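To start, the structure under review is shown below, and the notes come after it.
The values are calculated or read from the model by the stated rules, or taken from the named source; none is laboratory data. In this text the structure is predicted, and so the values were computed from the model without any measurement. When we count neighbours, we look across all protein chains shown, and the Cβ atoms used for this are built from the backbone with ideal geometry, even at glycine. Calculation scope for accessible area: heavy atoms of the full protein, side chains included, ligands and nucleic acids excluded. Shrake-Rupley method; radii C 1.70, N 1.55, O 1.52, S 1.80 Å.
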Amino acid sequence: MLQQLLVSLEGKQLKLGDLLAALKEQGPFFMLTILSVPFLQPLALPGVSTPFGILIAMLSLGILVSREVAIPRRVHAFQMPPKGVRVLFRGAIALFRKLERWSRPRYDRLLQSKRLRMLHAVLMLVTGILLLLPLPIPFSNSLPAYVVFFISLGYLLRDGLMIPLSYAFFVLTAVYFALIAFLGIEGMKLLFSRLI
């Protein structure tokens with residue numbers, strides 16, 4: 001299906017709203033999986049962090065409250081460059097092909113619980129918000145994105161083994177951003193002490 005979408009969108013100047021419409025039939029977890037792909041590398045594709053982060057946060061909020069959340073018009077109107085679309089879909093296709101070899105339905109308890117589903121939506125919402133931060137630092141996008149990727153992929157493939165992986169990446173994300181905040185605060189203290 002992704003391959004067919006790639007062929008149909010090839011070379012077109014695509015709005016983000018058009019991409020959402022094409023993916024919508026597969027559900028929010030499918031969209032979240034695709035939207036997280038550009039961030040899985042240490043340095044994300046330029047220009048997509050803010051709109052994709054907004055979408056991830058809003059889709060996660062929709063899962064949390066069990067209803068569809070309206071996407072802002074400005075996000076719908078965001079123009080995606082043809083090259084970015086190709087990179088996005090080719091990356092997603094390559095990942096799914098690798099995952100299809102070993103992924104299978106298992107550990108349903110981690111996916112069927114309503115409370116855990118709400119917890120997972122909160123984790124994706126938090127990491128979606130982190131993706132909005134304009135931090136030109138390696139892994140500041142990829143670590144939160146892996147949380148979204150593994151949770152959404154777990155529900156999409158009904159593979160509960162993905163959920164512990166997402167928890168591990170959430171812990172790494174929390175530690176990494178706490179370290180960034182600590183170093184930033186200490187740096188500001190040092191700067192002000194020298195100025196005074």
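From the protein chains alone at 1.4 Å, what is the descending order of accessible area for Met162, Met188, largest first? Show your work: numbers first, answer last.
Working: Met162 0, Met188 95 Å².
The ranking, largest first, comes out as Met188, Met162.
Mind checking which helices in the chain clear 18 Å along their axis (Cα) and have mean Kyte-Doolittle hydropathy of 0.0 or more, DSSP H runs only? Could you put the intermediate results ahead of the total?
On the way: long enough: 49-65 (24 Å, 2.04); 82-100 (27 Å, 0.33); 114-131 (26 Å, 1.34); 142-157 (21 Å, 1.83); 162-195 (49 Å, 1.60).
Passing helices, by number: 49-65, 82-100, 114-131, 142-157, 162-195.
So, with a 1.4 angstrom probe, what is the percent of accessible area on the chain that is carbon and sulfur? Present the calculation step by step, with values, prior to reporting the outcome.
Working: 7280 of 11150 Å².
It is 65 percent, rounded to a whole number.
Okay, which of segment 97-127 sit inside 13 Å, backbone N to the point 7 Å along the Cα-Cβ direction of Arg158?
Output list for this probe position: 104-109, 111-112.
Of Gly53, Gly184, Gly62, which has the largest mean-square fluctuation in a 10 Å C-alpha GNM of the chain?
Gly184
What full-extension length gain, to one decimal in nm, is calculated for Ile129 and Trp102 as 0.36 nm per residue of separation minus the Cα-Cα distance?
So the chain would gain 6.6 nm between Ile129 and Trp102.
With the Cα gyration tensor of segment 56-100 giving a ≥ b ≥ c as the square roots of its eigenvalues, does the rule (a/c under 1.5 for rounded; else a/b larger than b/c for prolate; else oblate) give rounded, prolate or oblate?
Working: a/c = 4.91, a/b = 1.35, b/c = 3.63.
It is oblate, given that a/c is not under 1.5 and a/b is not larger than b/c.
Which percent of Cα pairs goes in each bin when the distances of segment 145-193 are cut into 5 angstrom slices starting at zero?
Bins of 5 Å from zero give 5, 22, 18, 13, 10, 9, 9, 6, 5, 3, 1 percent of pairs.
With charges only on Cβ, +1 for K and R and -1 for D and E, what is the dipole size of the chain about its Cα centre, in debye, rounded to 20? The partial results should precede the final answer.
Values: 21 positive and 8 negative charges, 33 e Å.
Result for the chain is approximately 160 debye, rounded to the nearest 20.
For segment 19-144, taking Cα atoms only, what is the radius of gyration to one decimal and the Dmax to the nearest whole Å?
In Å, with Rg to one decimal and Dmax whole: 14.8, 40.
Kindly provide the chymotrypsin sites (Phe, Trp or Tyr not before Pro) of segment 73-128 that DSSP labels as loop, not H, G, I, E or B, and whose Cβ sees at most 12 other Cβ atoms within 10 Å.
Numbers: sites: Phe78, Phe89, Phe96, Trp102, Tyr107; in loops: Phe78, Trp102, Tyr107.
Qualifying residues, ordered by number: Trp102.
Can you work out the accessible area per residue across the chain, with the rest of the protein chains kept in place, probe 1.4 Å, in square angstrom?
Details: 11150 Å² over 196 residues.
Per-residue accessible area for the chain comes out at 57 Å².
How big is Rg to Rh over segment 74-196, alpha-carbon atoms, Rh as the Kirkwood inverse-mean-distance radius? Before the final figure, lay out the partial values.
Details: Rg = 18.3 Å, Rh = 16.9 Å.
Ratio of gyration radius to Kirkwood radius: 1.08.
Can you give the accessible area of Val175 in Å² (nearest 10), computed on protein heavy atoms with a 1.4 Å probe?
Result for Val175: roughly 90 Å² accessible.
Can you list residues from other chains, or at least 5 along the same chain, whose modelled amide H is less than 5 Å from the amide H of Leu14?
Those qualifying (amide H under 5 Å, at least 5 residues apart or on another chain) are Met80.
Could you check the simple spin-label distance between Arg74 and Gln26, using points 7 Å along Cα→Cβ, in nm with one decimal?
2.9 nm
With a 1.4 Å probe and every protein chain left in place, tell me how much accessible area Asp108 has, in Å² to the nearest 10.
Roughly 70 Å² of Asp108 is accessible to a 1.4 Å probe.
Hey, what number do you get for the chain at 222 nm if only DSSP H runs of n ≥ 4 count, each worth -39500 (n - 2.57), divided across all residues, to the nearest 500?
Working: 10 runs with 137 residues, N = 196.
Only helices count here, giving -22500 deg cm²/dmol.
Order the following by accessible area, largest value first: Ser66, Ser113. Probe radius 1.4 Å; ligands, DNA and RNA are ignored. Present the calculation step by step, with values, prior to reporting the outcome.
Values: Ser66 105, Ser113 40 Å².
Result of the area sort, largest leading: Ser66, Ser113.
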